[in-house]
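Structure first, commentary second.
Nothing in this text is a laboratory measurement; each read-out follows from the coordinates by a stated rule. Fair warning: this is a prediction, and the values are worked out from it, not measured in the lab. Cβ coordinates were reconstructed from backbone atoms using ideal geometry, including for glycine residues, and neighbour counts include every protein chain displayed.
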Amino acid sequence: MPPQRKTSTRQYAIGAGVMARDGIAGTLERIVVDPDDAQVVDLIVSVPRVGPDREVVVPATRVVHADADGIVVDLTTAEVRALPEFEAVRFRQPEAGWEGLPEHTPDVVLFWAPRRAVEAFVPPSVVPEPNVEGVRNIPPDAITLAAEMEVTCGHEVVGQLDRILLDPEGDHATHLVVRRGVLGTEERIVPVTQVDRVTEERVELRCDHQELDQMPRYRSN
């Protein structure tokens with residue numbers, strides 16, 4: 001059954017300019033929506049460059065303001081250009097009959113495609129001995145992420161790291177799954193672009209706990 005009709009709390013006008021802190025960063029081409037609650041989670045922004053424009057994925061949590069005249073993001077133009085590039089294979093079109101955002105036509109709305117989840121922690125008893133070359137390729141100052149690490153926003157503990165989501169080729173992490181709630185039953189998908197710093201004890205996020213609660217829920221199916 002399609003979700004109940006719901007209008008996004010911000011007005012995202014397709015074709016509107018995207019303004020960064022230091023100037024125009026690009027143009028809004030499409031929006032990425034959580035199919036369950038019809039909330040916008042990411043923006044697909046066309047970034048001008050020499051040759052064909054490059055499209056990048058901008059987390060909606062970095063949007064400061066959006067209306068019919070344009071969108072303002074809390075990023076510099078260089079930071080926008082450095083965001084992950086849009087790859088169609090990672091997204092899917094809404095199902096026929098989905099009416100979550102009646103103000104947008106289906107051709108400009110996307111959902112994230114199901115991702116292959118990789119556990120961030122493997123019990124030591126089943127971890128094979130690494131080969132010598134693998135050890136050499138690990139930077140000496142690298143920090144290993146592990147399940148149950150604290151996740152903080154500012155100085156506030158907001159949850160624990162549950163797992164890491166990788167890109168389809170398994171080359172790099174794209175999102176973290178953060179477990180929240182009194183019973184630890186609520187899991188949110190956090191783009192790695194929201195990670196401010198990683199220490200031996202915790203993962204520090206740029207967003208606050210309210211922004212974290214607006215991020216899409218993780219479902220393991």
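Can you classify the range 72-111 as rounded, prolate or oblate using the Cα gyration tensor, where a ≥ b ≥ c are the square roots of its eigenvalues, rounded means a/c under 1.5, and otherwise it's prolate if a/b beats b/c and oblate if not?
Oblate.
Which of the peptides 190-196, 151-157 is most tightly packed, and how do the rest follow, going by the mean number of other Cβ atoms within 10 Å of each residue?
Taking the mean over residues of other Cβ atoms within 10 Å, the ranking is 190-196, 151-157.
Subtracting the Cα-Cα distance from 0.36 nm times the residue separation, let me have the gained length for I14 to D36 in nm, one decimal.
5.8 nm
Which far-off residues, 5 or more places away or on another chain, put their amide H under 5 Å from the one on R54, with H placed in the peptide plane?
Answer set, sorted by chain and number: V47, R49.
Suppose R0 equals 45 Å; then what is the FRET efficiency for R54 and V198 from their Cβ-Cβ distance, rounded to the nearest 0.05?
0.95
Using the Karplus curve 6.51 cos²θ - 1.76 cosθ + 1.60 with θ = phi - 60°, work out ³J(HN,Hα) for each residue of the range 69-75 in order, rounded to whole Hz, and write x for Gly and Pro.
8, x, 10, 10, 10, 8, 8
Please arrange W112, W98 by how many other C-beta atoms lie within 10 Å of their C-beta, fewest to most.
W98, W112
Sorted by packing (mean other beta-carbon atoms within 10 Å per residue), highest first, where do 100-108, 30-38, 78-86 land?
30-38, 78-86, 100-108
When a/c reaches 1.5 or more, the comparison of a/b and b/c decides; with that in mind, is the range 17-112 rounded, prolate or oblate per its Cα gyration tensor?
Cα axes put the range 17-112 in the prolate bin.
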